[in-house]
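The values are calculated or read from the model by the stated rules, or taken from the named source; none is laboratory data. This is a predicted model, so every value here is computed, not measured. Cβ coordinates were reconstructed from backbone atoms using ideal geometry, including for glycine residues, and neighbour counts include every protein chain displayed. For the accessible areas, the whole protein counts, side chains as well, though only heavy atoms, and no ligand, DNA or RNA atoms are used. Shrake-Rupley method; radii C 1.70, N 1.55, O 1.52, S 1.80 Å.
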Amino acid sequence: MSDRTWSDVDRIVERQLIGEDRDLDAALAANAAAGLPPIAVTPSQGKLLHLLARSIGARSILEIGTLGGYSSIWLARALTDGGRLVTLEADARYAELAESNIERAGLGELVDVRVGKALDTLPQLAAEQPEPFDLVFIDADKTHTPDYFQWALRLTRPGSVIIADNVIRDGALADPDSTDSAVLGSRRLHEMLAGDRSEIGQRVSATTIQTVGAKGYDGFTFALVLGAGEPDGSDR
Ligand code: SAH
Ligand code: DHB
Ligand code: MG
């Protein structure tokens with residue numbers, strides 16, 4: 001099995017289950033034309049995020065790492081009436097492009113793109129004491145994924161879902177010698193979530209799913225925020 005097969009399969013899924021989509025396709029084209037790195041979630045991943053958000057009837061979503069707003073559009077489209085999405089992006093040029101892509105998709109009213117390093121904008125957001133977010137998608141600089149996870153916990157409630165992208169990195173998560181800061185971030189995330197041994201591990205029930213596709217071999221961590229005394233659901 002090769003990257004080529006993975007991409008071919010993604011194309012079949014895209015053709016049969018997703019299809020052309022004027023606003024999402026326009027966003028990807030605009031991102032490419034502006035020279036943004038081609039690192040948005042794939043269409044099948046975007047649709048998975050969308051379906052997860054819809055499955056839980058999400059009314060408020062927080063995204064950390066906007067790029068050109070491709071995943072933001074998928075997520076914002078899942079919001080129930082009156083919902084909103086806040087998305088955080090360090091690069092002002094990316095954020096501006098995201099705003100225009102989101103506007104074109106007719107979602108400008110629902111989405112709040114905030115410019116700045118997430119470790120600066122998250123405390124500002126928390127200070128506003130927003131309603132708890134139903135879903136948080138963490139997809140910014142991977143080094144800080146564990147820190148973003150802690151912020152996500154502060155900004156959610158029992159029943160909320162926290163998803164982190166790019167936690168496998170070609171399997172490097174299993175390479176004990178890796179010095180890649182993204183891999184170290186993912187390792188720290190998993191240690192943080194390591195069950196009864198950690199305070200945070202007791203507050204969520206989590207798993208990590210390896211994925212292959214047009215973006216290669218990577219994966220997501222998915223965590224459900226637990227209520228007091230609620231079981232993890234696995235015999236850890
Ligand atoms: N979620 C997007 C892809 C995000 S790529 C999608 O799927 O469409 C990662 C993004 O995180 C990049 O745009 C990068 O500029 C941004 N980023 C990197 N460091 C950041 C930081 N410290 N705070 C906020 N955003 C950051
Ligand atoms: C890369 C991929 C991503 O999904 C992301 O959010 C950031 C970087 C990458 O492949 O470099
Ligand atoms: Mg990503």
- Message: In the chain, if the dipole is taken from +1 on Lys/Arg beta carbons and -1 on Asp/Glu beta carbons about the Cα centre, which of F137, A30, A228 is farthest to the positive end?
- Response: A228
- Task: Pull up the cross-link candidates among the lysines for K117, meaning alpha carbon to alpha carbon under 19 Å and not fewer than 8 places away within one chain.
- Result: K142
- What dipole magnitude, in Debye to the nearest 20, does segment 117-192 give about its Cα centre under +1 on Lys/Arg Cβ and -1 on Asp/Glu Cβ? 180
- For a quick protection proxy, order the peptides 162-168, 20-26 by their average other-Cβ count within 10 Å, most packed first. 162-168, 20-26
- Distance in nm between Q16 and T143 label points, each 7 Å along Cα→Cβ, equals 4.3
- In the chain, what percent of the accessible surface is made up of carbon and sulfur (1.4 Å probe, ligands and nucleic acids excluded)? 51
- Determine, for each peptide in 61-67, 8-14, 176-182, the mean count of other beta carbons within 10 angstrom over its residues, then list the peptides with the highest first. 61-67, 8-14, 176-182
- Message: Just to verify a number: FRET efficiency for A228 and S55, C-beta to C-beta distance, R0 = 35 Å, to 0.05?
- Response: 0.90
- Note on the structure: Result for segment 3-225: accessible area per residue, probe 1.4 angstrom, in square angstrom, of 47
- Note on the structure: As a percent rounded to 5, the proportion of antiparallel DSSP bridges among beta bridges in the chain is 45
- Note on the structure: Nearest-0.05 FRET efficiency for A26 and A174 at R0 = 41 Å, using Cβ-Cβ distance, is 0.60
- Residue-wise HN-Hα coupling along segment 31-47, computed from phi with Karplus coefficients 6.51, -1.76, 1.60 (Hz; x: Gly, Pro): 5, 5, 4, 8, x, 5, x, x, 10, 4, 4, 6, x, 5, 5, x, 5
- Between E191 and R157, 0.36 nm times their residue separation minus their Cα-Cα distance comes to what? 10.1 nm
- Rounded, prolate or oblate (a/c below 1.5 giving rounded, otherwise prolate when a/b exceeds b/c) for segment 52-158 by Cα gyration tensor: oblate
- Task: Give the distance, in whole Å, between the Cα centre of segment 203-235 and the Cα centre of segment 1-31.
- Result: 25
- Message: Can you show me the helix-derived [θ] at 222 nm for the chain, built from DSSP H runs with n ≥ 4 at -39,500 (n - 2.57) apiece and divided by the number of residues, rounded to the nearest 500.
- Response: -11500 deg cm²/dmol
- Message: Quick one: 3J(HN,Hα) in Hz for segment 202-212, Karplus 6.51/-1.76/1.60 with θ = phi - 60°, rounded, Gly and Pro as x.
- Response: 7, 8, 9, 10, 10, 8, 10, 10, 7, 10, 10
